[in-house]
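Remarks on the structure that follows.
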Amino acid sequence: MNEEWKPIEGYEGLYEVSNLGRVRSVARVVKGKGGCQRELKSRLLAPKNITKGYQQVTLSKYGKPTIHLLHRLVAMAFVPNQDNFNIVNHKDENPANNRADNLEWCTQLYNVNYGTGKERGNAKSNHNRRAVLQCDLEGNVLREFPSIKMAGKITGVMFTNIYMCCRGKYRHKTAGGYKWRYKE
């Protein structure tokens with residue numbers, strides 16, 4: 001595949017994105033302090049790896065830096081979006097492969113259910129699920145729940161507060177009038 005470059009919308013004359021998933025600054029002449037001019041050469045931007053393998057780049061305009069996800073920049077420039085979807089899917093499930101031929105616009109539901117996404121999500125949630133005990137203020141066990149989320153759902157206590165108790169983040173380990181701890 002030959003590399004093709006297109007201006008990034010909103011950054012025309014400043015940055016370009018390629019169908020191979022690269023971003024570069026555009027060569028240009030800028031005014032410096034005191035009115036003197038200097039030439040900026042074109043250069044490739046090094047993407048930064050973020051959560052779960054996705055990549056981002058920082059683009060600046062009028063001295064204001066803004067962070068952009070690399071796969072979205074490529075999709076906006078090279079992937080048609082007739083249905084006006086707002087999610088970009090990596091067809092090969094590799095978030096570091098930002099080539100235009102690997103990207104497609106889709107719905108959130110399609111993206112979540114795509115490929116091995118469901119299996120990976122289920123494996124993660126099963127791995128992180130731990131039984132939790134609801135205790136009175138003296139520490140006597142009142143009830144056992146298979147997970148923090150289930151405990152929150154049944155008792156009406158916010159699951160995030162139960163989680164913080166179980167992790168020892170709350171000094172008295174109480175939420176909703178009860179003590180909470182993981183089952184050993």
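Can Glu12 be described as modelled with pLDDT under 95 and either assigned to a loop (DSSP other than H, G, I, E, B) or open to solvent by 60 Å² or more (accessible area, probe 1.4 Å) (or both)? Don't jump to the end; show me each part of the working.
Details: modelled with pLDDT under 95: no; either assigned to a loop (DSSP other than H, G, I, E, B) or open to solvent by 60 Å² or more (accessible area, probe 1.4 Å) (or both): yes.
Taking the combined requirement at face value, the residue does not satisfy it.
Return the residues of region 60-110 that are at pLDDT 95 or above and in a helix (DSSP H, G or I); say none if nothing qualifies.
Leu70, His71, Arg72, Leu73, Val74, Ala75, Met76, Ala77, Phe78, Ala100, Asp101, Asn102 - these are the residues of region 60-110 that are at pLDDT 95 or above and in a helix (DSSP H, G or I).
Taking region 114-159 on its own, how many of its residues are at pLDDT 85 or above, surrounded by 12 or more Cβ atoms within 10 Å (Cβ to Cβ) and in a helix (DSSP H, G or I)?
So the answer is 8.
What are the residues in region 16-60 that are touching a strand residue (DSSP E or B) at 6+ places or on another chain (Cβ under 9 Å), open to solvent by 60 Å² or more (accessible area, probe 1.4 Å) and over 28 Å from Met1 (Cβ atoms), if any?
Selection gives Val29, Lys31, Gln37, Arg38, Glu39.
Could you list, in sequence order, all residues of region 160-184 that are closer than 14 Å to Gly139 by Cα and either among the hydrophobic types (A, V, I, L, M, F, W, C) or assigned to a helix (DSSP H, G or I) (or both)? Before the answer, list the steps.
First, the residues of region 160-184 that are closer than 14 Å to Gly139 by Cα: 165-166, 172-175, 177-183.
Listed by number, the residues that qualify are Cys165, Cys166, Ala175, Trp180.
The values are calculated or read from the model by the stated rules, or taken from the named source; none is laboratory data. Just so it is clear, the structure is predicted and the values come from calculations on it, not from any experiment. Here the Cβ is made from the backbone with ideal geometry for all residues, glycine too, and neighbour counts use every protein chain on show. Keep in mind that these areas ignore ligands, DNA and RNA; they rest on the heavy atoms of the full protein, side chains included. Shrake-Rupley method; radii C 1.70, N 1.55, O 1.52, S 1.80 Å.
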